[in-house]
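Visitor: Got a structure for you, questions after.
The values are calculated or read from the model by the stated rules, or taken from the named source; none is laboratory data. Since the model is a prediction, treat every value here as computed from it, not as a measurement. Here the Cβ is made from the backbone with ideal geometry for all residues, glycine too, and neighbour counts use every protein chain on show. Please note that ligands, DNA and RNA were not included when accessible areas were found on the heavy atoms of the full protein model with its side chains. Shrake-Rupley method; radii C 1.70, N 1.55, O 1.52, S 1.80 Å.
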Amino acid sequence: MTSTSIETAIAEWSTLLGESGVVAAGTESYGASTTGTNRSIPAVLRPKNQEQVAAVLKIAQRCKVAVYPVSTGNNWGYGSANPVEDDCVILDLGRLNRISNFDSEMGVVTVQPGVTQGALREFLDQHDGNYLVPVTGAGPTCSILGNALERGYGITPITDHFAAVTKIEAILPDGTLYQTPLSQLGGSEVDGLFKWGLGPYLDGLFSQGNFGVVVNMTIALAPVPETVTAFFFSTKDDAKLEALVPTVRAVLRTLGGSVVAINLLNSQRMLSMMAPFPDDKAVDGVLPAQEVARMASSHGVPAWSGVGAIYASKEVARATRRTLRRLLGPVTDRLIFINQRKVDVAKNISRLLPGKLATRVKGMADTLSGALQIMHGAPNDVALALAYWRSGTLPQAGQAKNPARDGCGLIWFAPLVPIRGKDVRRYINMVETVCPQYGINPLITLTTVNDRCFDSTVPLLFDRNNADATARANDCYRALFEAGQKEGFLPYRLNIDAMDIMNTGGSGFAGLASQLKAAVDPNSILAPGRYVPRIKHSEV
Ligand SMILES: Cc1cc2nc3c(=O)[nH]c(=O)nc-3n(C[C@H](O)[C@H](O)[C@H](O)COP(=O)(O)OP(=O)(O)OC[C@H]3O[C@@H](n4cnc5c(N)ncnc54)[C@H](O)[C@@H]3O)c2cc1C
């Protein structure tokens with residue numbers, strides 16, 4: 001690709017999309033990334049419809065200029081809107097923001113890339129859609145479609161967001177439209193009700209892949225249950241972890257239909273939600289063990305905390321609470337159940353309390369209310385505060401949080417860990433050993449993605465204004481990856497600087513993926529380097 005070809009392509013795209021459709025990367029901080037990465041981005045394209053997307057790709061082919069599609073570009077901690085490689089033009093699909101179909105009886109909805117969690121909630125509320133939005137901690141401004149393509153997850157009943165996808169429509173790199181065979185045979189409705197379609201499952205190529213620009217996605221929604229009850233449990237005794245972990249598995253196996261996901265959090269992760277980072281106490285950016293213990297004791301934070309939700313009818317919820325007490329009781333010090341009614345009561349009581357106590361009770365009620373809202377499938381930005389713990393400036397009230405724009409330093413290390421006591425202990429030891437060597441505090445969450453496996457998320461938080469801290473955080477990611485590779489804890493998702501991890505030499509996967517890529521996108525104009533190893537044409 002030459003500078004002339006980029007200039008020619010930009011001129012053609014400007015004619016196609018008009019002035020507002022082609023902007024510089026500096027506009028709205030497109031190039032900002034919480035990982036500290038800086039890509040060279042020649043321009044940002046903002047098409048309004050799928051016909052324009054197809055035309056954009058045809059120009060890209062002719063001029064051999066690569067484009068990198070994003071839906072809302074909020075892939076915080078994994079690269080934000082930045083492409084994997086330099087000199088890719090960002091294809092911002094945020095203006096394709098229609099909800100093109102909603103079947104309120106079946107609970108399936110078809111969304112374009114720009115439909116956010118917040119927009120879907122609003123739509124469902126306006127259309128008597130008694131369904132939960134598949135929310136994540138990333139909040140209301142994030143794309144439903146973009147998150148599912150990255151195989152993101154949350155803790156509402158359909159935790160695995162790509163699992164909920166029943167149908168995909170995409171524009172292939174040559175500008176043609178990909179539709180699934182059932183739809184092409186006239187079975188559009190049943191196609192949206194059934195994930196696997198007919199024949200080879202090609203929709204999967206578009207998730208963590210670079211084979212097309214997805215313009216429509218149909219997803220199944222979880223119905224709002226009669227009751228939603230949060231449960232919180234904890235143990236002060238770190239040694240109980242080995243017993244707690246298999247109990248979590250037992251809970252999911254026993255209560256599968258009503259309890260779908262459980263989070264376990266270590267004390268440092270809890271503290272990051274309860275107290276500002278005490279810079280003056282940190283040594284080389286890391287809180288010493290005695291300071292963590294002091295903070296934990298003053299905030300009443302135990303060694304391990306857990307949270308989950310019961311989605312069920314009243315009768316089932318009652319029985320579920322009993323079973324949870326029976327299973328979790330022996331391995332925890334505390335187990336409490338909270339629903340919206342209890343939170344409202346706490347808020348009312350806080351109004352009658354004096355000064356500081358009132359503020360404390362109200363603060364607690366507000367936090368619980370935020371957590372419950374998420375469990376009810378209504379997005380909020382409460383969890384985003386984590387990104388601002390070490391660096392970044394919170395926006396003014398009323399403005400949406402955006403950790404990339406606001407200067408936060410964050411890289412997610414997100415490996416899979418078997419739900420087995422001794423494996424979790426090995427994993428915790430590994431993270432607690434590696435992170436401090438790079439000035440990173442080990443904040444650990446383990447989220448069940450099924451009853452066999454946790455997905456752990458460790459936010460590597462650092463000061464993005466400090467070049468040395470940024471480099472060390474990136475080194476920390478590599479060190480965690482390498483240690484995890486030895487121990488068997490590998491990531492479910494990668495950031496844009498870690499895609500070379502997919503380069504597994506002459507493996508069957510790398511060979512097939514690269515051959516498919518070469519067949520579908522011979523000029524490599526679509527998201528080059530994204531999850532599919534780049535190999536030379538001569539090797540294909
Ligand atoms: C504090 C915090 C909490 C978070 N919590 C969660 C969480 O609970 N769960 C979770 O999953 N993530 C979480 N995240 C990570 C991330 O911010 C979200 O996953 C977010 O939804 C991804 O950004 P997006 O929705 O804007 O998708 P995008 O950035 O638009 O898309 C992600 C990637 O998918 C590809 N892509 C997007 N759209 C298309 C398309 N139409 N066609 C082809 N390819 C496309 C692109 O390569 C893009 O880079 C969190 C981040 C932070 C900072």
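Visitor: Per residue, how much accessible area does the chain have with a 1.4 Å probe, in Å²?
Guide: Per-residue value: 42 Å².
Visitor: If you place +1 on the Cβ of every Lys and Arg, -1 on the Cβ of every Asp and Glu, and leave all else neutral, what size is the dipole of the chain about its Cα centre, to the nearest 20 Debye?
Guide: So the magnitude is around 1780 debye.
Visitor: In debye, nearest 20: dipole of the range 389-443 around its Cα centre with unit charges on the Cβ of K, R (+) and D, E (-)?
Guide: Rounded to the nearest 20 debye, it is 160 debye.
Visitor: I'd like to compare 420-431, 498-509: which one has the highest average count of other Cβ atoms within 10 Å, and what's the full order after that? Numbers along the way, then the final one.
Guide: Values: 420-431: 17.8, 498-509: 12.9.
Result, highest mean first: 420-431, 498-509.
Visitor: Which whole-angstrom value gives the distance between the alpha carbon centres of the range 457-524 and the range 1-42?
Guide: 25
Visitor: Output the antiparallel fraction of DSSP beta bridges having both residues in the range 3-92, as a percent to the nearest 5.
Guide: If I count the DSSP bridges inside the range 3-92, around 25 percent turn out antiparallel.
Visitor: Another question about this same structure. According to the Kirkwood expression over distinct Cα-Cα pairs, how big is the hydrodynamic radius of the range 3-92, in Å?
Guide: The answer is 13.0 Å.
Visitor: Here's another thing I want to ask about it. From the gyration tensor of the Cα coordinates in the range 99-223, what semi-axes in whole Å does the equivalent ellipsoid have, largest first, with each one equal to sqrt(5λ)?
Guide: That gives 22, 17, 13 Å for the three semi-axes.
Visitor: Structure shown: which of K347/K401; K240/K347; K167/K517; K167/K422; K195/K401; K58/K167 lie over 29 Å apart, alpha-carbon to alpha-carbon?
Guide: Over 29 Å Cα-Cα: K240/K347; K167/K422; K195/K401.
Visitor: Run the Debye formula on the Cα coordinates of the chain, all scatterers equal and no solvent, and tell me log10 I(q)/I(0) at q = 0.08, 0.12 1/Å.
Guide: -0.53, -1.23
Visitor: Which whole-Hz couplings ³J(HN,Hα) result when phi for each residue of the range 187-195 is put into the Karplus expression 6.51 cos²θ - 1.76 cosθ + 1.60, θ = phi - 60°, listed in order with x for Gly and Pro?
Guide: Couplings: x, 4, 5, 5, 4, x, 9, 9, 5 Hz.
Visitor: For L410, what is the net charge nearby, where nearby means another residue's Cβ is under 9 Å from its Cβ and Lys, Arg count +1, Asp, Glu -1? Walk me through the intermediate numbers first.
Guide: On the way: positive: R390, R464; negative: none.
Taking every Cβ under 9 Å from that of L410, the sum is +2.
Visitor: Sticking with this one: Give the dimensionless ratio obtained when the Cα radius of gyration of the range 165-242 is divided by 2.2 N^0.38 Å.
Guide: Here the answer is 1.72, to two decimals.
Visitor: Net charge near Q437: determine it from the other residues with C-beta under 11 Å of the C-beta of Q437, scoring Lys and Arg +1 and Asp and Glu -1.
Guide: On the way: positive: R472; negative: D284, E432, D475.
Within the 11 Å Cβ shell, the charges total -2.
Visitor: Compute the signed sum of charges (Lys and Arg +1, Asp and Glu -1) over the other residues within less than 13 Å, Cβ to Cβ, of D191. Show your work: numbers first, answer last.
Guide: Working: positive: K167, K195; negative: D103, E169, E189, D203.
With Lys, Arg at +1 and Asp, Glu at -1, the neighbours total -2.
Visitor: Next question, about the same structure. What is the set of long-range amide H partners of G409 at a cut-off below 5 Å, with H atoms built 1.01 Å from backbone N?
Guide: The answer is S391, F462, R464.
Visitor: Just the number, please: carbon plus sulfur as a percent of the accessible area of the chain, 1.4 Å probe, no ligands or DNA/RNA counted. Kindly include the intermediate steps, with their values, before the conclusion.
Guide: On the way: 12220 of 22890 Å².
So the carbon and sulfur contribution to the accessible surface is 53 percent.
Visitor: Could you compute the longest span of the chain free of GluC sites (Glu not before Pro) located in DSSP loops and having at most 14 other Cβ atoms within 10 Å, not counting the site residues?
Guide: The segment 227-540 is the longest one with no such site.
Visitor: Out of all DSSP beta bridges with both ends in the chain, state the antiparallel percent to the nearest 5. Please list the in-between numbers first.
Guide: Numbers: 59 of 66 bridges.
Counting DSSP beta bridges with both partners in the chain, the antiparallel share is about 90 percent.
Visitor: Taking a cut-off of 14 Å between Cα atoms, list the aspartates and glutamates near K362, but don't count ones fewer than 8 places away on the same chain.
Guide: D344
Visitor: Continuing with this model, one more query. Return the sequence-ordered ³J(HN,Hα) values of the range 413-423 in whole Hz as given by the Karplus equation 6.51 cos²θ - 1.76 cosθ + 1.60 applied to θ = phi - 60°, using x for Gly and Pro.
Guide: Each residue of the range 413-423 in turn: 9, 10, x, 8, 9, x, 7, 9, x, 5, 5 Hz.
Visitor: Per DSSP H run of at least 4 residues, take -39500 (n - 2.57); add these up for the chain, divide by its residues and hand me the 222 nm value, nearest 500 deg cm²/dmol.
Guide: Mean residue ellipticity at 222 nm (helix-derived): -11000 deg cm²/dmol.
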